[in-house]
Amino acid sequence: MNRICISIFIVAVSGCSLLQKSLHIPKGVISKPKQNLKNSRYSKIVQNAIDDPSSIDYQEVRQEYRKTSLFHPYHVPEPLQKLRELIEAKKYQESIAIVQRSMYAYFPEIELHYYAAIAYESKAMGEYAAWHRFVMSNLIDSVLQKKQGTTLEEAIEVISEREEYVVLNFFELENQSQKFLQKKQHAYDCFRVQPSSRYTSGKIFFQIDQLLAWQKDN
């Protein structure tokens, strides 16, 4: 995630837990899954989320996404790159069209929901924006797992580089340098950061075993 609209990102996530569990996205606006996703465990979880976003395990959907051919831990998906450009250009209707086409394929991409919430709010479509904020909040919680990342023991386990930068944005941290560490059969990224009002340590640790495992398998 780039550095645009950091304050919007923080506001969008805070308070999402107060949304009603019965929150639903209006029907008829989501494209069906691509052929290679049909009947997969991943697509079934996403369908359940679309029916009721409070009904799924967000950790599980991230792991199932990781198994699909669409996932890459280092490369930003093309629709997400386009979405960034459209949001920065304030082309919100075009942004919404990409969100609707990309929902099944890239549901666990936190940025997708971040930009979707901005686009829908800008078009005065609050129910849609609230749905995406709720999903975004739960995805972030599934990444953090109540950890702060201040030590190796508290390292935040991620499945992609993008999740690392989502967390940096969430804590309003500016990356100053990055170092790879290997400790006790685990791999880590250590970022030196400028402390913020949301994070007082000068370092944040991410456990990146799953990124390296993906590289080995692919």
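The values are calculated or read from the model by the stated rules, or taken from the named source; none is laboratory data. Keep in mind that what you see is a predicted model, and the values were worked out from it rather than measured. Glycine gets a Cβ as well: all are built from the backbone with ideal geometry, and neighbour counts include every protein chain shown. Remember, those area values only see protein heavy atoms, side chains included, never the ligands or the DNA or RNA. Shrake-Rupley method; radii C 1.70, N 1.55, O 1.52, S 1.80 Å.
Values for this structure:
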{"quantity": "Unmet criterion (only one of (1) free of Cβ contacts under 8 Å to residues at least 40 places away in the same chain; (2) buried (at least 18 other Cβ atoms within 10 Å of the Cβ)) for Ile140", "calculated": "(1)"}
{"quantity": "Complete set of residues in region 92-134 that are under 15 Å from the mean Cα position of the chain (by Cα) and not in a helix (DSSP H, G or I)", "calculated": "Phe107, Pro108, Glu109"}
{"quantity": "Check on Phe171, within 24 Å of Ser137 (Cα to Cα) and touching a Gly at 6+ places or on another chain (Cβ under 6 Å)", "calculated": "no"}
{"quantity": "Hey, Val166 within 22 Å of the chain's Cα centre (by Cα) and within 15 Å of Thr150 (Cα to Cα) or not", "calculated": "no"}
{"quantity": "Selection from region 179-218 of residues that are outside any strand (DSSP E or B) and open to solvent by less than 70 Å² (accessible area, probe 1.4 Å)", "calculated": "Pro195, Ser201, Gly202, Ile208, Asp209, Gln210, Leu211, Leu212, Ala213, Trp214"}
